[in-house]
Amino acid sequence: MEERLEGTLTLDLDKKLNEAFAGRVVRKDLTKLIKEGANVPVYVLEYLLGMYAATDDEDSIQEGVERVKKILSDNFVRPDEAEKIKSRIRELGQYTIIDKVTVALNPKIDTYEAEFSNLGLKGVPIASNFVKEYDKLLVGGIWCMVKIDYFYDEEVRVMNPFSVGSLQPIQMPNMDINEVFEGRRQFTKDEWIDVLIRSTGMEPTQLEERVKWHLLLRLVPLVENNYNMCELGPRGTGKSHVYKEISPNSILVSGGQSTVANLFYNMSTRKIGLVGMWDCVAFDEVAGIRFKDKDGIQIMKDYMASGSFARGKEEKNASASMVFVGNINQSVDVLLKTSHLFAPFPEEMANDTAFFDRMHYYMPGWEIPKMRPDFFTDKYGFIVDYIAEYFREMRKRSFADSIDKYFKLGNNLNQRDTVAVRKTVSGMVKLIYPNGEYTKEDIEEIIQYAMEGRRRVKEQLKKIGGMEFYDVMFSYIDKESLQEEYVCPRTRGRKTYPRRHGQARTCLCGRTWQLRHDWRVQA
C-alpha cells in the first residue's frame, strides 16, 4: 500500500513539474543512459536533452534522445579520435565540434589563442569578441559547441590553418528568475526539496530526511557568496560530484595542488584567478592541499574571512565560495578520541585555528550513505543548466535577515559564529523558499541545522585551541515567547523544554543536563 502511494506521489510530482516548468525539466534516467556512453559533464548532456527531449511525450523523448546521441556521435571529440576529426575539418573546410575550450592571450602577436582539450589543438586564433562575452574561457575553460574553419595559405605558412568561426557555450543564454518564484508556489516544502534533490540526479524517496538536508547543503556554496564549507567522510558518498558535474559555474581543483597566481591573482599578467571567475572553487582531497607559495595559506585565510585579498599594491575582491572535501580514513569515534575532526587536513593547516575558524559549516559526511544504483533517480528534475542559472541569479539576493523577524541569536555566538549561521540560513532559504515565502517554523528548522554545523566547527576548535574557544553553547531566543533553545551537533528536531532555573533541560539533540553543571558535547 505504501509503495503504491509513493508511486502515485512520484507521478503527481512529475506531472506537476512538467506543467509548472514546461521545457525546463528532463527525465534523469535519460542523462544516465547517455552519460554511460559519452564522457562529457552532465550539464553538457542535459543542455542537449533540454533542446531536443524536454517533454513528457514518450515518442518525442525517444526521437530527441536519438538526435542527442547522433550529435554526440558526430560532434563530440573523443581524445582517441582527435586526428580523425582534424582530418574531417580539413576535408570539409568547416566542422562543428563539442569540446572544452581554454583561451590565452599571445602578447607576441597580440592575438587570443584557443586550446581544445580533447582535440589536442593549441594556438588556434579566436576573435576577441568571444573572449569579452565569455571571460571564463580565460580561466579554466568551458565546454562549447564550436564551428572550426580550415584554410591553409601557402604564402603565410606560419599561420595556424585552424580558426574559430563561431562559439556557443553550453549554458543557458538568459534566465527569468520570476519563473522560479511563481513555479515554487505550486509545490509544498517537501515536494520542492525532492525536486531539487532529483535535479542533482538523486532519488529522494530512497533517502532519509536528514540526508536530504545534507545534500541541499552541498548546493549552498552555489547560491551564497563567499561561503566556506568543509565536508569530510567516507569514500563513495558523492562529495565532489556536485561541484564537478552539476554546475558549469563551479570548478573542482583535483588533488588540492594550486598556486596563488592560479587561485587568486597573477601579478605578471595582472589577471584575477579562479576565485574571480567562478562561483565556487572546491578542493578535492583536502589532505593534498599544497601551495607552492609560502604565503598561500595566509592569503586564503584573508580571502575566506573578508572576500578580499592583497596582492602587490592592490586589494582585490571576489565572491567565490570555498569548499573543502576529503576522506576520513578511520571511524569518527576513533578520530574524536585520538585527535579532532579536522585532522585529515595537511599538517600546515591541521592545527591552525584561525583557518578553521573561517569555516561556516562542517558537514558530517559520514552520515551520507555510500552511493548505490537505487539512489539515482529515473524521474523528472530541472535541466542542470537551468538550475545552475537559478542558483547564479540567487547569489544577487540575501536572506541573512530572515532570522531577525522571529528570533535572536544567543550570547555565546561571537561575530564569526553569527556570520556563519546567517550565511547558512540565507543559503538554505534561497534553495527551499526562493520567493521569500516562509513561516516562523520554517526558519526555526533552518536555524537549528545552521547552528549545528557551525557548532561542530567550534567544538573542534576548542579541542585544538583550548579555552580560547570556550563559548560553544549555541542557542537562539524566540522573540515572542523569550524561550531560549540550545543546539548541539547531533540529530535535529527532538523535543525541547522551557528554561527553569536549577532544573534539568533537554537540548535539541535529546541530551539532558543540569543548568548549573558543566556540560560537554561530542561532535
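The values are calculated or read from the model by the stated rules, or taken from the named source; none is laboratory data. Every value quoted in this text rests on a predicted model; they were computed, and no experiment measured them. Neighbour counts are summed over all protein chains in view; Cβ atoms, including those assigned to glycine, are modelled from backbone coordinates with ideal geometry.
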Quick check on TYR243: is it crowded, with 21+ Cβ neighbours inside 10 Å, at pLDDT 85 or above and in contact with an Asp or Glu (Cβ under 9 Å, 6 or more places away or on another chain)? yes
Can you tell me how many residues within region 65-89 are within 16 Å of VAL164 (Cα to Cα), in a helix (DSSP H, G or I) and of a type in the set (A, V, I, L, M)? 2
How many residues does region 361-416 hold that are of a type in the set (D, E, K, R), in a loop (DSSP other than H, G, I, E, B) and farther than 25 Å from VAL211 by Cβ? 5
Mind listing whichever residues of region 72-98 are at pLDDT below 90 and not aliphatic (A, V, I, L, M)? SER73, ASP74, ASN75, PHE76, ARG78, PRO79, ASP80, GLU81
How many residues of region 1-36 are modelled with pLDDT of 65 or more, among the small types (Gly, Ala, Ser) and in a helix (DSSP H, G or I)? The answer is 1
So which of HIS340, HIS360 is in contact (Cβ under 8 Å) with a residue 24 or more places away in the chain and under 21 Å from the mean Cα position of the chain (by Cα)? HIS360
Under the condition of being farther than 17 Å from GLY296 by Cβ and among the acidic types (Asp, Glu), which residue from region 325-362 is modelled with the lowest pLDDT? ASP333
A careful count of residues in region 90-119 that are of a type in the set (S, T, N, Q), free of Cβ contacts under 8 Å to residues at least 40 places away in the same chain and part of a strand (DSSP E or B) gives 3
Some residue of region 200-216 being small (Gly, Ala, Ser), assigned by TED's automatic domain parsing to the domain that holds GLY365 and under 28 Å from ASP99 (Cβ atoms): yes
What single numbered condition from (1) touching a helix residue (DSSP H, G or I) at 6+ places or on another chain (Cβ under 9 Å); (2) more than 25 Å from ASP378 (Cβ to Cβ); (3) assigned to a helix (DSSP H, G or I) fails to hold for PHE181? (1)
Let me confirm something: among ASN329, ASN317, which residue is without any contact (Cβ under 8 Å) to a residue 60 or more places away in the chain and in contact with a Pro (Cβ under 8 Å, 6 or more places away or on another chain)? ASN329
